[in-house]
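Student: Got a structure here, written out as structure tokens. Questions coming.
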């Protein structure tokens, strides 16, 4: 296939008799489009599934509650095993529209505990593969933690499975 004559400002010129490269350009563009479409199909599901796990969001809520307890204790000069109520820390927790308390991630129940203890979350339904009744508790700063078969997280927290789940996990699977 030969190139057509080039028309420039109404004057016709003839290009040298070389094969046209428009077929090559079309092939390169097509290959690029196909490669991009393939990358989108492969990568898009990973982006959709990525994000913060529910367990991580619960731990973030626990950190916010713990920080609010510590701030309340500092402002009110309280130390030791003092009982802290939800109303005590309401001014130090959350932002609008959930001012006064953290927003539950999946229906979990938060327990503040004493000032010297970390707050806990009790799961009311299965979350991220953990059964209902599981308790999640922050570890105090400086306490080493490990990732074991029952505590599959990299955060400084303690995952306490309900007794029924622990006894079932210890049984050999047939």
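Student: If I filter segment 103-117 for residues that are in contact with a helix residue (DSSP H, G or I) (Cβ under 6 Å, 6 or more places away or on another chain), surrounded by fewer than 19 Cβ atoms within 10 Å (Cβ to Cβ) and either in the same structural domain as residue 163 (by TED's automatic domain parsing) or without any contact (Cβ under 8 Å) to a residue 60 or more places away in the chain (or both), do I get at least one hit?
Tutor: Taking every residue of segment 103-117 in turn, at least one turns out to be in contact with a helix residue (DSSP H, G or I) (Cβ under 6 Å, 6 or more places away or on another chain), surrounded by fewer than 19 Cβ atoms within 10 Å (Cβ to Cβ) and either in the same structural domain as residue 163 (by TED's automatic domain parsing) or without any contact (Cβ under 8 Å) to a residue 60 or more places away in the chain (or both).
Student: Mind telling me which of the residues 94, 100 ends up being outside any helix (DSSP H, G or I), under 19 Å from residue 60 (Cβ atoms), in contact with a helix residue (DSSP H, G or I) (Cβ under 6 Å, 6 or more places away or on another chain) and at pLDDT below 80?
Tutor: The conditions single out 100.
The values are calculated or read from the model by the stated rules, or taken from the named source; none is laboratory data. Since the model is a prediction, treat every value here as computed from it, not as a measurement. Positions of Cβ are generated from backbone atoms using ideal geometry, with glycine treated the same way; all protein chains shown enter the neighbour counts.
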